[in-house]
Each structure stands twice: as structure tokens, then as C-alpha cells.
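All remarks here apply to the structure that follows.
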Amino acid sequence: MSEQNTTQTPELQKHSFQAEVAQLLHLVTHSLYSNPEIFLRELISNASDACDKLRFEGINHPEYYENDPDLHVRIILDKDQKTLTISDNGIGLSQQEAIDNLGTIAKSGTKDFMSKLTGDQKSDAQLIGQFGVGFYSGFIVADKITVESRRAGLDAVEGVRWISGGTGDFEVEQINKVSRGTDIILHLRDDALDYLESYKVKQIVNKYSDHISLPIQIQKEVWQEEEVAEGEEPKGGQYVKTDEWETINSASALWTRNKNEISDEQYIEFYKNLSHDFEPPLAWSHNRVEGNTEYTQLLYIPSKAPHDLFTREAKAGIKLYVKRVFIMDDADNLMPNYLRFVQGVVDSADLPLNVSRELLQESRDVKIIREGNTRRILTLLDGLAKSEDQADQEKFKKFYAEFGSVLKEGLGEDFGNRERILKLLRFATSTHDEVNTSLTDYKARMKEGQKAIYYVTADSLNAAKNSPQLEVFRKKGIEVLLMADRVDEWAMNFVNEFDGTPMQSIAKGAVDLGDLQDAEEKKALEQAAEAFKPVVEKLSDSLKDKTKEVRVTTRLVDSPACLVTSEGELSPQLIRMLKQAGQPVPESKPILEINPEHPLVKKLEASGQFDDLANVIFDQAVIAEGGLPDDPAAYVKRINSLLLK
């Protein structure tokens with residue numbers, strides 16, 4: 001910024017911030033960021049992004065460069081005015097863009113952001129990056145911010161000045177700005193004046209932004225001795241700014257460097273800058289792939305799931321570069337949807353610079369890169385899961401707690417990697433409460449004669465643990481996998497076996513324990529079915545509108561009845577999930593299985609209120625597997641009537 005660069009025009013407009021922003025700004029200023037120097041990293045990152053966007057738009061509009069092709073970020077320190085300016089010659093902002101982008105915090109997530117603020121300084125700080133409000137970190141050190149900008153391609157008279165003190169409103173006016181790009185001028189508070197020392201700025205840039213691929217520059221300073229009379233000893237001197245600019249970062253894209261030359265700290269800082277996440281990543285993979293398609297990949301697994309992981313608006317975390325030229329953010333074609341949590345950079349040597357999202361969908365090279373990225377992440381996760389190092393095991397455990405349910409989506413989306421994904425899944429079981437049993441572990445613990453991997457799905461872990469269908473399995477000491485994620489019921493429709501062993505839902509079809517069920521039990525079931533035939537027929541007639549079939553079972557020990565689904569039909573959990581999502585669901589009735597040894601079932605035939613008791617038994621079976629009776633009021637009325645009798 002310079003005096004001759006901008007002149008004020010009289011049209012001054014006042015605007016109010018988006019609702020809740022004033023409160024948020026107060027929190028940013030007084031509560032967030034335990035490490036205040038982060039503001040410089042955030043603003044340099046934004047400036048770098050603005051230059052990347054100019055590179056991208058400049059492919060089709062070379063005139064946007066305005067005879068100034070050398071992109072850079074400059075930091076200007078003015079001790080007299082107590083200002084620190086971050087200046088870039090990137091894409092810039094129009095007046096309307098300044099109003100829209102600088103007057104709004106986290107357009108899609110402000111309420112979520114506010115709801116997650118806890119007062120814990122450290123955890124609150126981590127939210128800033130997740131919700132895209134890094135610009136406002138400037139108010140940590142400044143009591144006023146002035147932004148002067150002009151969008152590339154607009155006339156000099158169409159510049160804009162935006163001013164705010166971080167309270168309830170901001171001012172906008174049109175200015176004349178000769179150069180394109182943006183100057184962010186921080187009017188520093190008295191307790192932040194040490195950020196005007198060039199040595200401190202260099203230190204911060206070296207720590208957080210050394211990897212930025214454009215030069216970050218500061219005015220060069222030279223030591224100037226004090227003038228003394230001839231013959232006198234020099235008394236000292238001071239550093240004086242020159243008209244030269246010196247680059248204070250290495251200005252080389254980190255992913256293009258040899259990984260043996262990059263420290264863990266540099267990888268972590270690059271990730272934080274890339275993702276705006278304040279927590280370090282769990283793991284990363286950096287590789288140069290050569291062959292018919294050449295590309296470099298630097299992929300990170302975050303340590304925490306983003307707030308929008310399960311929303312349709314969620315963006316992919318991969319930035320696409322072509323020969324180090326930024327092309328686009330959130331390049332979702334470079335990673336399958338079930339790995340959408342992965343952050344990173346892909347730099348292709350083969351894609352055209354003018355590649356669009358539409359071309360990406362059809363490109364053979366993109367398909368190869370996507371498959372390579374997928375394999376690399378699954379290999380990275382497999383390495384953590386199999387590692388004997390305790391730290392790696394903890395990392396995998398943390399990964400699974402955050403992203404396990406998303407990974408399961410791959411069972412239905414990625415047939416080629418289904419077996420690899422299955423090996424990474426972890427479950428609680430009927431004998432192990434912690435979610436850490438793999439399918440390989442389960443197979444190793446199978447009873448002699450057991451021919452299937454048994455599992456049960458439910459709406460919660462408690463519901464799965466207490467499912468009536470488990471009773472006979474507990475009695476016989478057979479372990480059952482407990483699946484309580486919403487995605488489980490859908491995902492398991494795509495899995496028939498693991499490593500040659502069939503996978504069997506214990507809530508589908510008739511229970512068949514094969515060699516684990518002796519001849520006496522099978523004979524007892526046949527005898528009970530014959531003895532209870534009149535009751536079963538009467539139940540079938542009484543519940544014909546609710547059930548597909550009523551039959552006697554040996555799967556129950558303590559419960560009077562349970563609901564099961566025919567093979568190939570939708571389960572009650574999946575039906576409920578589809579209805580909640582507003583999806584049309586085909587009509588489907590469950591099978592009611594009754595326990596002939598239960599006192600309530602034995603009383604059925606002699607009951608004077610057969611229909612009421614039959615409906616109560618059915619509704620209780622619905623409740624036991626996590627549902628609600630179709631008519632709760634009628635259920636309560638029947639219960640009260642039976643209690644009074």
C-alpha cells in the first residue's frame with residue numbers, strides 16, 4: 001500500500017455484520033487463539049490463496065495479470081502509524097465481494113460454530129480454521145482493520161476500502177486503487193507492537209509459512225552507523241529500511257521437495273496451513289508417482305472429523321495443481337466419497353492447465369490418480385492398524401472413532417477395495433464391549449463347528465447389546481458382532497462373506513446354528529411347533545395386518561418374542577432410516593417369532609383377551625429392537641387393561 005495508490009471518494013456506506021458476528025468477534029478478540037501469532041499465518045495463507053485464484057482465472061484471462069505477472073505477498077511494517085500490512089497482488093475483491101465475504105463469518109456454519117464454543121481456549125481455537133473465519137484472527141492484535149482491494153480486470157476507480165473496529169458494523173467506500181490485489185492493514189493495539197519488529201515477523205514466517213510457494217517479502221533493512229565528527233569513536237547506529245524487498249521464506253512448494261529433506265514439523269505446519277486445522281494430522285503420505293501418468297501426492301488423515309462430514313454440502317479436501325499451478329480447491333474427483341475426510345495436494349504433470357470439473361469426470365488420468373490416492377490411504381491405514389508401535393495403534397483407534405462410520409460407506413461404493421476395507425473395520429461384540437474387534441480377530445475366536453460370522457444391527461450399541469436375537473447365542477457362548485452405526489444396515493447389504501466365511505445377520509431368516517445346535521434341540525423345536533400350532537394360527541390371524549408370518553423359535557431364552565426379517569428384505573432399522581431421509585419405502589411386514597417356553601406366551605391360549613395380549617407381545621418386540629408401536633396410545637390402553645385384569 002502507498003499514498004499514491006489510493007484516493008478516497010465521498011460515497012461511504014455503513015453495513016451491519018451478519019447476525020451473531022459481533023458476539024463472535026468479541027470471542028475471537030478476547031477468548032480464542034491461545035497463540036496470538038497465528039494471525040499472521042492465517043492472513044498470509046489467505047493472501048496466497050488469492051494469488052492461486054489469479055493463476056487459475058488467468059489461464060483463460062491473461063489480461064488479469066495487468067503486466068504484473070510476478071505474484072507475491074508483502075509485509076509492510078510502519079512503527080510511526082502502528083500498522084502491519086499484508087499485501088498481495090492476487091485476484092482481489094470487488095466492492096460487493098468485500099461486503100459479502102468480509103461481512104459474513106462462516107456462511108454455512110455460524111450457528112454450528114457458536115454452538116461448539118466451550119470457553120476452553122485451546123479447543124475453541126481449533127474451531128477457527130474449521131469454520132473458515134481466519135481473516136478475523138487479525139482482531140486478536142488489532143483494534144481496527146482496513147482492507148483496500150481491487151479485483152483483477154476492474155478499472156482502477158473500482159477499488160474498495162473496508163473498515164471495521166470488530167464491533168457491530170463496518171464501513172465500505174469506493175476508492176481509486178492503481179494495483180490489483182488486496183492490502184490488509186492492521187492497526188495494532190499497544191500490547192501487540194512487538195509484531196512491528198522485522199526479526200519477529202521473519203521468525204513467525206519461517207515457523208508457519210516457509211512452505212508457501214510464492215515469495216513472502218519484507219523491506220530489506222541495512223545497518224546505518226550514527227554520524228560522528230571526524231576523529232570521534234562510533235556511538236552506535238540503527239537498522240534503516242531500503243527500497244529493496246527481500247524474500248523471507250524458501251518459496252518452494254513443499255510437495256515438490258524431496259521428502260528426506262522435510263521435517264515432521266514442516267509437514268505438520270503445511271497441513272495446518274492447507275486445512276486451517278489447529279490440530280496436527282494423525283498421519284500423512286508423500287509420494288511421487290511415475291509411469292504413464294505422473295503426479296505427486298501429499299495426503300493427510302486429520303485427527304478430528306470436520307463439522308460437516310455428513311452433510312451434502314461437505315467439500316473434498318484435495319487441492320489440485322498442474323505443474324505447480326493451482327487449479328481448484330475440493331477436487332472431489334481425486335478421492336472417493338468414503339475418503340472425503342482426507343486433506344492434501346495432488347500435483348499432476350499430465351493434466352491440461354484449463355482442466356474443468358466436467359473434464360475431470362471423464363479424464364483417464366484422473367481415474368488413475370483417484371485409484372492411486374485410494375490405495376495409498378488404505379495402505380497408510382493398514383500400516384497403522386497392523387503396527388506393533390503403541391503410538392500407531394492409538395492413532396488408528398482415534399482415526400476409527402472419528403471416521404470409521406464413513407469408511408464403511410466404501411463397502412457399497414468401492415467393490416475393488418471391499419476386502420481391504422473390511423479388514424480395517426472394528427466392532428464391539430457380545431463378549432467385548434470396546435469397539436476394537438476386527439473380522440480377523442473374530443474368525444480367530446470362532447467356536448469349533450461355527451460356519452458363519454454372526455452380526456446384529458441396531459440403532460445404538462445398547463440396543464444391539466440387549467437385542468432378544470442374541471439370547472440363544474449367549475446361551476451357547478457364540479460371539480456376535482454388534483453394529484450400531486446408521487450406515488451398517490445399508491453397508492452390510494453389499495457384504496456376503498469375509499475371507500471365505502459367510503456373514504450372517506442373526507435378525508434375518510430362521511436361526512440355523514448348524515453343528516452348534518444338537519439333534520435334541522432341533523427335535524424340541526419341532527415338537528414345540530406342533531404343540532403350539534393352534535396358538536400360532538390364532539396369532540397369525542390376530543396380527544395379519546402387522547406380520548408376514550408367526551412361528552416358534554429356539555433363538556429366544558428370556559424374551560417372549562422378537563421380530564425377524566426375511567432374507568433379501570429391508571430390515572426395520574433400514575426402513576426407519578429411509579423414511580427419516582424422506583425416501584419411498586416398499587411395504588414390508590416382519591416375521592414374529594415366539595418363545596414357547598415364556599410364561600406370557602404360555603398364557604396366551606387361556607387368556608380372555610387374546611387379541612390385546614397378542615398385540616402387546618408384538619409391540620413389545622418392536623420396542624425391543626429400537627422401534628415404536630404404530631399406535632402408541634392403543635399400546636398403552638392395552639397394557640392398562642391387562643394390568644387391571
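Among the residues of segment 286-300, count how many are over 13 Å from residue 321 (Cβ atoms) and either part of a strand (DSSP E or B) or at pLDDT 95 or above (or both).
Number satisfying all stated conditions: 6.
Six or more apart or on different chains, Cβ atoms under 6 Å: show the pairs whose first residue is in segment 561-579 and over 22 Å from residue 535 (Cα atoms) and whose second is modelled with pLDDT under 70.
567/509
In segment 44-67, which residues are outside any helix (DSSP H, G or I) and among the polar types (S, T, N, Q)?
67
Grab the helices (runs of 4 or more DSSP H) fully contained in segment 391-479, keeping just those with 2 or more residues being within 30 Å of residue 522 (Cα to Cα).
Details: elements: 410-413, 418-424, 439-444, 461-465, 471-475.
By residue number, 439-444, 461-465, 471-475.
Do you know which residues across segment 594-620 are in contact (Cβ under 8 Å) with a residue 60 or more places away in the chain, more than 16 Å from residue 641 (Cβ to Cβ) and either among the aliphatic types (A, V, I, L, M) or not assigned by TED's automatic domain parsing to the domain that holds residue 634 (or both)?
Hits for segment 594-620 are 594, 601.
Just to verify a result, which residue in segment 451-472, among those that are under 14 Å from residue 497 (Cα atoms) and not aromatic (Phe, Trp, Tyr), is farthest from the chain's Cα centre (by Cα)?
Going through segment 451-472, the residues under 14 Å from residue 497 (Cα atoms) turn out to be 451-455.
From what's left, not aromatic (Phe, Trp, Tyr): 451-453.
On the way: 451: 38, 452: 34, 453: 31 Å.
Checking each candidate, the answer is 451.
Provide a single number: the residues in segment 536-592 that are more than 23 Å from residue 610 (Cβ to Cβ) and among the β-branched types (Val, Ile, Thr).
Result for segment 536-592: 5.
Please verify whether segment 264-273 includes one or more residues that are at pLDDT below 95, in contact with a Gly (Cβ under 8 Å, 6 or more places away or on another chain) and among the charged types (D, E, K, R).
Looking for residues that are at pLDDT below 95, in contact with a Gly (Cβ under 8 Å, 6 or more places away or on another chain) and among the charged types (D, E, K, R), one finds at least one in segment 264-273, hence yes.
Let's see how each residue does on (1) within 21 Å of residue 279 (Cα to Cα); (2) touching a strand residue (DSSP E or B) at 6+ places or on another chain (Cβ under 7 Å); (3) crowded, with 23+ Cβ neighbours inside 10 Å; (4) among the charged types (D, E, K, R):
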{"residue": "299", "(1), (2), (3), (4)": "yes, yes, yes, no"}
{"residue": "303", "(1), (2), (3), (4)": "yes, no, no, no"}
{"residue": "311", "(1), (2), (3), (4)": "no, no, no, no"}
{"residue": "317", "(1), (2), (3), (4)": "yes, yes, yes, no"}
{"residue": "320", "(1), (2), (3), (4)": "no, yes, yes, no"}
{"residue": "325", "(1), (2), (3), (4)": "no, no, no, no"}
{"residue": "332", "(1), (2), (3), (4)": "no, no, no, yes"}
{"residue": "339", "(1), (2), (3), (4)": "yes, no, yes, no"}
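Name the residue, out of 557, 550, that is at pLDDT 85 or above, surrounded by 21 or more Cβ atoms within 10 Å (Cβ to Cβ) and of a type in the set (A, V, I, L, M, F, W, C). Before you say what the answer is, go through the steps one by one.
On the way: 557 fails: surrounded by 21 or more Cβ atoms within 10 Å (Cβ to Cβ).
On inspection, the qualifying residue turns out to be 550.
Tell me the residue from 357, 375 that is at negative phi, modelled with pLDDT under 95 and assigned by TED's automatic domain parsing to the domain that holds residue 291, please. Walk me through it before giving the result.
Values: 375 fails: modelled with pLDDT under 95.
Sole residue among the options that is at negative phi, modelled with pLDDT under 95 and assigned by TED's automatic domain parsing to the domain that holds residue 291: 357.
Give 424, 381, 411, 407 a once-over and let me know the one that is in contact (Cβ under 8 Å) with a residue 12 or more places away in the chain and either in contact with an Asp or Glu (Cβ under 8 Å, 6 or more places away or on another chain) or under 23 Å from residue 624 (Cα atoms) (or both). Lay out the reasoning, then the answer.
Values: 381 fails: either in contact with an Asp or Glu (Cβ under 8 Å, 6 or more places away or on another chain) or under 23 Å from residue 624 (Cα atoms) (or both); 411 fails: either in contact with an Asp or Glu (Cβ under 8 Å, 6 or more places away or on another chain) or under 23 Å from residue 624 (Cα atoms) (or both); 407 fails: either in contact with an Asp or Glu (Cβ under 8 Å, 6 or more places away or on another chain) or under 23 Å from residue 624 (Cα atoms) (or both).
Unique residue meeting the criteria: 424.
Check residue 279 against each of (1) exposed (fewer than 15 other Cβ atoms within 10 Å of the Cβ); (2) touching a residue at least 12 places away in the same chain (Cβ under 8 Å); (3) assigned to a loop (DSSP other than H, G, I, E, B); (4) acidic (Asp, Glu) and name the one condition it does not meet.
Exception for residue 279: condition (1).
Looking only at segment 344-376, how many residues end up being farther than 21 Å from residue 420 by Cβ and of a type outside the set (Val, Ile, Thr)?
So the answer is 18.
When only residues in segment 305-360 that are among the aliphatic types (A, V, I, L, M) and within 13 Å of the chain's Cα centre (by Cα) count, which is nearest to residue 47 (Cα to Cα)?
As a first pass, look at segment 305-360 and keep what is among the aliphatic types (A, V, I, L, M): 305, 309, 314, 316, 318, 320, 322, 325, 327-328, 331, 334-335, 339, 342, 345-346, 349, 351, 353, 355, 359-360.
Narrowing further to those that are within 13 Å of the chain's Cα centre (by Cα): 305, 309, 314, 316, 318, 339, 342.
Working: 305: 26, 309: 27, 314: 24, 316: 21, 318: 19, 339: 29, 342: 24 Å.
Once the filter is applied, the top-ranked residue is 318.
The values are calculated or read from the model by the stated rules, or taken from the named source; none is laboratory data. It should be emphasised that the depicted structure is a prediction, and the values quoted were computed from it without experimental measurement. Please note: Cβ atoms are built from the backbone with ideal geometry, for glycine as well, and neighbour counts cover all protein chains shown.
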